[in-house]
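In what follows, a structure is listed as structure tokens, so that the remarks can point back to it.
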Amino acid sequence: MHFKNLDDTPMFRHQLQCLEESAESLRLRSVKFYKGCRKYTEGLGEAYDGDIAFVSSLENFGGGHNDPHFVALGGPVMNKFTIALREISTFKELLRSRVEHVIDGRLLQIVNVDINAVKEARKRFDKVALIYDQAREKFMSLRKSTKIDIATVVEEELKIARTSFEEARFSLVGALNNIEVKKRF
């Protein structure tokens, strides 16, 4: 979603709300997918362990190439079978590590870092918006008969509050934009 205007308007606030809802939806879906990935990688790990245990028991059963009983039972064929099983289990382990590294790592980055950055930026924005509203009300309530030095102090407070408000608003937009960019890539 592109912002046509970054001024603090109702439309801008609505766009922020839509992006925040989208980020929360992404967080929920990412958490579910992460749990599924964890189950899958655990299953791959167990399958790897089972394959290796089976291959080891086959090798122990065989006793070697010089064993006449092993040769009579089809030892050379069993050796090829154990080699193939080891390769399959190696690929399972490789798949498990890639799923953990690529998918789980990215999901955790989105859930733990990016979406938390949006939440923190939103909290800061709400806090600073309240301070800015209070400073604006205080400035607007000044009368013409107010002393110049008091009016100057109140005006300076309003400028500082507005600057903080603008920084918080742009920080929130930046955090939301970061998530939108990661959704596309």
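Per-residue ellipticity at 222 nm from helix content only, as computed over the chain with -39500 (n - 2.57) for each DSSP H run of at least four residues, stands at -28500 deg cm²/dmol.
Along the chain, the exposed loop sites are trypsin sites (Lys or Arg not before Pro) outside DSSP states H, G, I, E and B with at most 13 other Cβ atoms within 10 Å, and the longest stretch free of them is 5-142. Residue-wise HN-Hα couplings along segment 141-148, as the Karplus relation 6.51 cos²θ - 1.76 cosθ + 1.60 with θ = phi - 60° gives them from phi, are 7, 5, 9, 5, 7, 5, 5, 4 Hz; Gly and Pro carry x.
Placing R0 at 45 angstrom, the Cβ-Cβ distance between LEU108 and THR163 gives a FRET efficiency of 0.85 after rounding to 0.05. Fully extending the segment from LYS123 to GLU21, taken as 0.36 nm per residue of separation minus the present Cα-Cα distance, adds 35.2 nm. Each listed q (0.20 Å⁻¹) maps to a log10 I(q)/I(0) for segment 10-184, found by the Debye formula over equal Cα scatterers with no solvent: -1.17. For segment 87-185, the extents of the C-alpha atoms along the principal axes are 88, 18, 15 Å, listed from largest to smallest.
With all pairs of separate Cα atoms included, segment 125-166 yields a Kirkwood hydrodynamic radius of 10.4 Å.
Note on the chain: with a GNM built from Cα contacts shorter than 10 Å, the maximum mean-square fluctuation among ALA53, ALA161, ALA121 falls on ALA53. Extension gain for ARG29-VAL77 works out to 12.6 nm (0.36 nm per residue, less the C-alpha to C-alpha distance). Whole-Hz Karplus values for segment 107-114 come out as 5, 5, 4, 5, 5, 7, 10, 5 Hz, taken residue by residue from phi with 6.51 cos²θ - 1.76 cosθ + 1.60 and θ = phi - 60°; glycine and proline positions read x.
FYI, it's all coordinate maths here, none of it is from the lab. None of the values given here were measured: they were computed from a predicted structure. Methodologically, a virtual Cβ is constructed for each residue, glycine included, from the backbone with ideal geometry; neighbour enumeration extends over all protein chains shown.
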